[in-house]
Amino acid sequence: MKKAAVMLKEVEKSFFNRRTKKIVLNRISFCAFQGEVTVLMGQSGCGKSTLFRILIGEEVPDSGSISILEQDVSPPHYKNIENAKKQFGILFQYGALFNSMNVGDNIAFPILEHQPQLHENIVNIMVETKLNQVEMQPEIYKEKMPSTLSGGERKRVALARALALDPKLIFCDEPSAGLDPIVSRTIDKLIQDLVRVLGIAALVVTHELDSAFSIADRMILLKRAVPEHQDKWEGAIVYEEGSPEELRNSKKPYTVEFLGEYSYYSLCPFCKAVQKKGYSTCYQCQKTRSGTGINC
Ligand SMILES: Nc1ncnc2c1ncn2[C@@H]1O[C@H](COP(=O)(O)OP(=O)(O)OP(=O)(O)O)[C@@H](O)[C@H]1O
Ligand SMILES: [Mg+2]
């Protein structure tokens, strides 16, 4: 049976703006399992970063329950997140390396923070192991300053730092943001390989579908209520979840719209009915696609 590394039940979060309550996360429930890459996706503004901040302990949810690596970090026990933090790593969107420290010291930082008594030689071995794990040669990179690295190299170092404490779980925020497609693919592959080899869990937030489909074992699609869709809820909900293949096969209109070319279905441009890709006449409005110039 699969073991949940992260489990959310009915998590809610609102922000107040001049006494007006704005619900951002509306009863969010899902699991991310050990040994899998779970990708959290959704349109801009749907609350991905808010959820990410809650999970890494930078924001407190209003209600609901959250368990991380079997520790209850729900609102009444939110302080437990400090304990959980020792067991998870975080890969921030732009790496968030300390520019005044060289690569080795950046990776050593979380190690020394948690185990200040460790001997320098041991820390050195740990740093080199982490660099090797992200396929960087320690003798070339250890002494380099972050400013001299390329975007992809910085991401690798940030990943090595996220792995520094041998976490059972890593949270990654937009891992391929700002990278060219080739480098972005190598980072995705690295995350996927690390999850397989180390048996850890990864929860990845992204809106880049290329990246999402190349790494996900499981996908969670959030949807923010929009007036045009006559959505009957406020804020964002988990609209659909499943394996990449299940989502590609989904006939739920927003999933089809969000996945675009990745979906096996398309929406009729006239009446928005869900159609099998390559249809010629819409089963609902009977209009034909030919001549619309729309590639369905
Ligand atoms: N501290 C805050 N105070 C008030 N509103 C906030 C705060 N943080 C986020 N929000 C609002 O919550 C909503 C979700 O924001 P969030 O940044 O989580 O979305 P996102 O899915 O990460 O978007 P993007 O893909 O553009 O990064 C937005 O409407 C945002 O304005
Ligand atoms: Mg965001």
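Quick note: the coordinates plus some simple rules give every number you see, no bench work behind them. All figures in this text were calculated on a predicted structure; none of them were measured in a lab. As a convention, Cβ positions derive from the backbone with ideal geometry for all residues, glycine included, and neighbour counts pool all protein chains shown.
Extending 7 Å from the Cα toward the beta-carbon at both residue 279 and residue 185 defines two label points whose distance is 3.3 nm.
One equal scatterer on each Cα of the range 93-207, no solvent, Debye formula: the resulting log10 I(q)/I(0) at q = 0.13 Å⁻¹ is -0.46.
Our summary gives the range 159-296 a relative contact order of 13 percent, counting only alpha carbon pairs under 8 angstrom and 6 or more residues apart.
Extension gain, residue 17-residue 166: 0.36 nm per intervening residue step, less the Cα-Cα distance, totals 49.6 nm.
For residue 133, what charge total do you get from the other residues with a beta carbon under 12 Å from its beta carbon, if Lys and Arg give +1 and Asp and Glu give -1?
Numbers: positive: 130, 156, 161; negative: 128, 135, 166, 193.
Net of charged neighbours comes to -1.
Applying a DSSP loop filter and a limit of 16 other Cβ atoms within 10 Å to the trypsin sites (Lys or Arg not before Pro) in the range 208-248 leaves 232. With both residues required to sit in the chain, DSSP beta bridges show an antiparallel share near 60%.
The angle between the Cα long axis of helix 151-162 and the longest principal axis of the Cα atoms of the chain comes to about 70 degrees, rounded to the nearest 10. Cβ under 9 Å from residue 42's Cβ, residue 42 left aside: what net charge do those residues give with Lys, Arg +1 and Asp, Glu -1? Neighbour charge sum, excluding residue 42 itself: +3.
Determine the calculated [θ] at 222 nm for the chain from helices alone, applying -39500 (n - 2.57) to every DSSP H run no shorter than 4 residues and normalising by the residue count; nearest 500 deg cm²/dmol. Walk me through the numbers on the way to the answer.
On the way: 10 runs with 91 residues, N = 296.
My calculation for the chain gives -8500 deg cm²/dmol from helical runs alone.
Put simply, the Cα atoms of the chain extend 74, 44, 44 Å along their principal axes, the longest span coming first. Based on alpha-carbon centroids, what's the gap between the range 1-20 and the range 141-216 in Å, whole number please? Cα centroid to Cα centroid, the span is 25 Å.
In this Cβ point-charge picture (+1 for Lys and Arg, -1 for Asp and Glu), the chain has a dipole of about 1100 debye about its Cα centre. A straight chain from residue 2 to residue 122 at 0.36 nm per residue would run longer than the Cα-Cα distance by 39.8 nm.
Between residue 143 and residue 210, the modelled labels are 3.7 nm apart [label points 7 Å from Cα along Cα→Cβ].
Output needed for the range 1-95: three equivalent-ellipsoid semi-axes, defined as square roots of 5 times the C-alpha gyration tensor eigenvalues, in descending order, whole Å.
Numbers: eigenvalues 97, 49, 37 Å².
Those come to 22, 16, 14 Å.
Taking amide H positions as modeled 1.01 Å from N, with prolines and chain starts lacking one, the residues under 5 Å from residue 222 and 5 or more places away or on another chain are 41, 42, 239.
In this simple spin-label model, placing a label point 7 Å from the Cα along the Cα-to-Cβ direction at both residue 225 and residue 245 gives a separation of 3.6 nm.
Among residues other than residue 178 with Cβ under 15 Å from its Cβ, the summed charge is -3 (Lys and Arg +1, Asp and Glu -1).
As a calculated quantity, the FRET efficiency between residue 101 and residue 70 at R0 = 41 Å, using C-beta atoms, amounts to about 0.80.
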